[in-house]
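The values are calculated or read from the model by the stated rules, or taken from the named source; none is laboratory data. Given the structure is predicted, the values throughout are model-derived calculations rather than measurements. Positions of Cβ are generated from backbone atoms using ideal geometry, with glycine treated the same way; all protein chains shown enter the neighbour counts. For accessibility, only protein heavy atoms count, side chains too; no ligands or nucleic acids. Shrake-Rupley method; radii C 1.70, N 1.55, O 1.52, S 1.80 Å.
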Amino acid sequence: MSTTTDAPASSFGRMLLGRALAGTPPGESPLTHAAELPGRESRYAAWPQWLERAVVEVFQDCGIAQPWTHQAEAASLAWSGRNVVVSTGTASGKSLAYRMPVLSRLSADARATALYLAPTKALGADQLRAAVDMTDSLAARGFPDIAPSAYDGDTP
């Protein structure tokens, strides 16, 4: 196992890695390389100009003062009709990147629809709860009723 690290040996990531490798026989390792990268300063962007003001207010009510640069860039590319892939770590804001253009479009066009595909049922349920909360907040601000719902293997 080769490792590269500038972080302390007792980091949370190193602890999780140790747990994942626990029980591996001595001299064997399924891991060929591990690198622990230092944290970076957050970089923020202004809310995109095309984003409905009520949608911004809903995000701000959820505690999001402003988007990170990668969120604003991905959302603006999607808003302009480009295909976008956001591949970042857990809790890095991928959801906001797609919610900005989707909620803005659904708020502006009563005939618009959106389809979100989740790789797991648990993630889909979590995303659905958040979407319902946000669309309820938009409805309270006088926007059209947006009705998120699940369609999965348990849907009749």
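Of all residues in segment 22-38, those that are open to solvent by less than 90 Å² (accessible area, probe 1.4 Å) and either within 20 Å of Gly89 (Cβ to Cβ) or touching a helix residue (DSSP H, G or I) at 6+ places or on another chain (Cβ under 6 Å) (or both) total 5. Of everything listed in (1) open to solvent by 60 Å² or more (accessible area, probe 1.4 Å); (2) at pLDDT below 95; (3) of a type outside the set (Val, Ile, Thr), the single unmet condition for Gly89 is (1).
Screening Asp61 with (1) open to solvent by less than 80 Å² (accessible area, probe 1.4 Å); (2) more than 19 Å from Tyr151 (Cβ to Cβ) gives one miss only, at (1). Got a sec? Which of Gly18, Gly13 is open to solvent by less than 90 Å² (accessible area, probe 1.4 Å), at pLDDT below 85 and in a helix (DSSP H, G or I)? Unique residue meeting the criteria: Gly13.
For every residue, the table says whether it meets (1) among the basic types (Lys, Arg); (2) open to solvent by 40 Å² or more (accessible area, probe 1.4 Å); (3) touching a His at 6+ places or on another chain (Cβ under 8 Å).
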| residue | (1), (2), (3) |
| --- | --- |
| Glu41 | no, yes, no |
| Ala65 | no, yes, no |
| Ala74 | no, no, no |
| Ala97 | no, no, yes |
| Met100 | no, no, no |
| Pro119 | no, yes, no |
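Sort out which residues of segment 112-123 are of a type outside the set (A, V, I, L, M) and modelled with pLDDT of 90 or more, and write them in order of number. Listed by number, the list holds a single entry, Thr113.
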